[in-house]
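Remarks on the structure that follows.
The values are calculated or read from the model by the stated rules, or taken from the named source; none is laboratory data. The model shown is predicted, which means the values in this text are computed figures rather than measured ones. A quick note on method: Cβ atoms are made from the backbone with ideal geometry, for glycine too, and the neighbour counts reach across all protein chains shown.
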Amino acid sequence: MDKSQEYNSGVYDTYGEAVSKCKAILDDFLESAYQPGDTAETLYSTYVHYGETPIIWGDNLGDFDSNDYARLRCREIVKLHQPRIKKFIRDIDNE
């Protein structure tokens with residue numbers, strides 16, 4: 001990891017708050033990086049190459065894994081967008 005790229009996004013009172021912030025960072029990136037036609041694999045690859053990897057530091061930490069969460073969200077985001085793309089294609093075909 002390139003230390004010059006690190007930054008502190010805040011100090012949180014609870015582990016749950018820190019996890020919520022990590023998820024928000026990942027969700028924001030993945031939603032903005034998604035391109036029509038992306039598969040979960042291509043979206044995840046984009047994240048691995050260009051996205052931030054949030055890390056929680058502290059005592060008594062849980063088991064949040066940003067990569068596992070990113071993989072899950074990639075599948076969900078692609079699935080969410082697929083019906084919209086299919087409808088758009090049907091609408092174009094019917095013009």
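Structure notes:
- Contacts under 9 angstrom Cβ, first residue in the stretch 35-50 being touching a residue at least 24 places away in the same chain (Cβ under 8 Å), partner outside any helix (DSSP H, G or I) and aromatic (Phe, Trp, Tyr), 6 or more apart: 43/34
- Subset of the stretch 46-73 (residues that are surrounded by fewer than 15 Cβ atoms within 10 Å (Cβ to Cβ) and not in a loop (DSSP other than H, G, I, E, B)): 48, 49, 50, 67, 68, 72
- Residues satisfying the stated conditions in the stretch 49-77, i.e. modelled with pLDDT under 95 and among the aliphatic types (A, V, I, L, M): 55, 56, 61
- Among residues of the stretch 5-45 being in a loop (DSSP other than H, G, I, E, B) and polar (S, T, N, Q), the one that is nearest to residue 70 (Cα to Cα) is 39.
- Picking from residues in the stretch 21-45 that are over 12 Å from the mean Cα position of the chain (by Cα) and of a type in the set (S, T, N, Q), the one that is surrounded by the most Cβ atoms within 10 Å (Cβ to Cβ) is 42.
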